[in-house]
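Taking it in order: structure first as structure tokens, then the write-up.
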Amino acid sequence: MRRVLPLRWFVSWGAAGVPVVAVMGSAWAGDPWATAVVSYNAGAGVDPNFTDSSAAIGMPTRVNFFGDSVTPFNSPYWYTDVVGIGRGGHLTVRFDTPILNDPNNPYGIDLLIFGNQFYVTDANGRVSGIFDEGGTIELSSDGVTWVTLIGVSPEGGFPTLGWQDIADLQFGSDLGTIPTDFTRPVDPSLSALGLTREELAAAYAGSGGGLGIDIGAWGLSSVSYVRVSNDIDALGTPEIDGFARVTPIPSPGVLAAASFAGVWAGVRRRRR
Ligand SMILES: [Ca+2]
Ligand SMILES: [Ca+2]
Ligand SMILES: [Ca+2]
């Protein structure tokens with residue numbers, strides 16, 4: 001599930017001297033995003049402007065505060081969109097509609113976590129690494145008993161892609177016309193290393209990216225709480241943009257069965 005890339009930085013990411021404006025997130029039980037913040041502690045080392053936890057509620061960022069599009073090379077960076085998890089800090093969110101280990105979820109992936117990681121490229125414009133600031137993910141069905149996702153980094157997933165048809169993938173200076181789907185995972189077998197920006201965007205195949213988590217692989221059938229935390233002695237301070245419940249897609253077998261049922265119903269009608 002987790003791709004290992006050769007380059008890995010632990011650098012704090014923030015903008016000093018930015019005035020704080022409270023932007024309240026909102027969500028309703030039927031939508032695919034995290035519903036509410038249960039608790040948040042910024043911890044140490046986070047710019048005070050990046051401590052509005054409501055930034056993690058609602059849909060992940062498609063267009064940044066200054067109008068540039070989010071791409072895997074131009075990640076969300078403004079404090080209205082992402083919240084920082086400092087050393088010793090944590091963010092716990094709740095989904096009112098539980099995330100289920102639905103067999104119809106693409107690739108078995110049930111939950112997506114969006115950070116502000118981004119790919120870096122070499123001199124030939126090919127992906128050569130990811131800017132991943134670490135952290136820890138825990139899942140719970142009841143907010144009491146937690147499962148720690150050993151070896152999975154909150155910023156270790158596929159960086160967000162806002163549009164299927166954006167021209168400037170490097171800087172996101174244009175807006176696309178076809179939005180990506182933030183509830184559809186990228187094929188976890190995709191290896192980004194060595195791809196051009198265009199090859200990478202095409203390989204997302206309509207997905208908006210994110211870290212894909214198969215809750216079943218961690219022994220869970222239902223998840224209503226997600227916590228992102230950071231060690232007291234961590235080097236990096238990751239940022240979180242949002243959380244999404246994956247939209248199930250009926251398998252070809254189910255579609256075939258539904259189609260057969262439709263044919264059979266037609267046969268029955270004709271026989272009558
Ligand atoms: Ca699953
Ligand atoms: Ca980050
Ligand atoms: Ca956000």
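Just so it is clear, none of the values below were taken in a lab; they were calculated from the coordinates. Worth saying up front: this structure is predicted, and the values here are computed from it rather than measured. Using ideal geometry, Cβ is built from the backbone for each residue, glycine included, and neighbour counts are taken over all protein chains shown.
Here is how the numbers come out for the structure above:
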{"item": "Volume of the Cα convex hull of the range 134-204, divided per residue and given in Å³", "result": "135 Å³"}
{"item": "Pairwise centroid distance, computed over Cα atoms, of the range 116-146 with the range 41-64, Å", "result": "15 Å"}
{"item": "Förster radius 22 Å - calculated FRET efficiency between residue 97 and residue 147, Cβ distance, rounded to 0.05", "result": "0.65"}
{"item": "Computed E for residue 178/residue 233 - FRET, C-beta separation, R0 41 angstrom, nearest 0.05", "result": "0.40"}
{"item": "Charged-residue dipole, Cβ positions (Lys, Arg, Asp, Glu), the range 25-132 about Cα centre, Debye nearest 20", "result": "120 debye"}
{"item": "In order through the range 60-66: 3J(HN,Hα) via Karplus (6.51 cos²θ - 1.76 cosθ + 1.60), integer Hz, x for Gly, Pro", "result": "x, 7, 9, 10, 6, 3, 8"}
{"item": "Computed FRET value (nearest 0.05) for residue 65 with residue 221, which takes r as the C-beta separation and R₀ as 35 Å", "result": "0.35"}
{"item": "Summed side-chain charge close to residue 61 - residues other than residue 61 whose Cβ falls under 9 Å, Lys, Arg +1, Asp, Glu -1", "result": "-1"}
{"item": "Principal semi-axes in Å for the range 36-271 [√(5λ), Cα gyration tensor, largest first]", "result": "32, 24, 15"}
{"item": "Least to most buried among 138, 239, 199 (fewest other Cβ within 10 Å first)", "result": "199, 138, 239"}
{"item": "Length-normalised contact order of the range 36-271 in % [C-alpha pairs under 8 Å, at least 6 apart]", "result": "31 percent"}
{"item": "Test item: Cα-centred dipole of the range 36-271, Lys/Arg +1 and Asp/Glu -1 on Cβ, debye", "result": "1340 debye"}
